[in-house]
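**Student:** Next up is a structure, given as structure tokens.
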Amino acid sequence: MYSSETKIRVRYAETDQMQFVYYGNYAIYFEVGRTEALRKLGITYKSMEANGIMLPVVDYSAKFIKPVYYDEELTIITQIKEMPGIRIKFFYDALNEKKELVCKAETTLVFVNMENNRPCRPTKEFIEVMRKFF
């Protein structure tokens, strides 16, 4: 299993009339957690796209537990719990400054060949990096 932590401070523009973080912004927070988790492994979306592979999200689910407010610092814990194949699944826990769980989520992404828009296997380099954790 691979796990990574990313800190994000809530900006005023990300809150709604109730002064809570607007629920749609969590998808952005989780994208930041996901891209930073991969970056810490030496893998970037930019390098994958340069190698002809894109990673669209095909499934996203979230459970909202507690509100989060402007200027709070969130910790996004991003985990990959199983070896990726054609699909890669990410699990997220968002914690507030008190380390309380405020949101849980999952995303599934598919490796897609950019030339033919068909699902494909990840690169050998990607697999080599991920094997260290499984």
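**Student:** In a GNM of the chain with a 10 Å cut-off on Cα contacts, which of 90, 20, 111 has the highest mean-square fluctuation?
**Tutor:** Of 90, 20, 111, the most mobile in the Gaussian network model is 20.
**Student:** Right, next: How far is helix 25-40 tilted, in degrees, relative to the longest principal axis of the Cα atoms in the chain, given as a value from 0 to 90 rounded to the nearest 10?
**Tutor:** Value to nearest ten degrees: 50.
**Student:** A further question follows. Cross-chain or 8 or more residues apart, Cα under 20 Å: how many lysine pairs in the chain fit that? Count them up, please.
**Tutor:** Lysine pairs, 8 or more places apart or on different chains, close enough: 28.
**Student:** While we're looking at this one, here's another question. Under a Cβ-only charge scheme (Lys and Arg +1, Asp and Glu -1), can you give me the dipole magnitude of the range 2-131 about the Cα centre, in debye to the nearest 20?
**Tutor:** Values: 19 positive and 18 negative charges, 78 e Å.
For this selection, approximately 380 debye.
No value in this document is a laboratory result; all are computed from the given coordinates. It should be emphasised that the depicted structure is a prediction, and the values quoted were computed from it without experimental measurement. Positions of Cβ are generated from backbone atoms using ideal geometry, with glycine treated the same way; all protein chains shown enter the neighbour counts.
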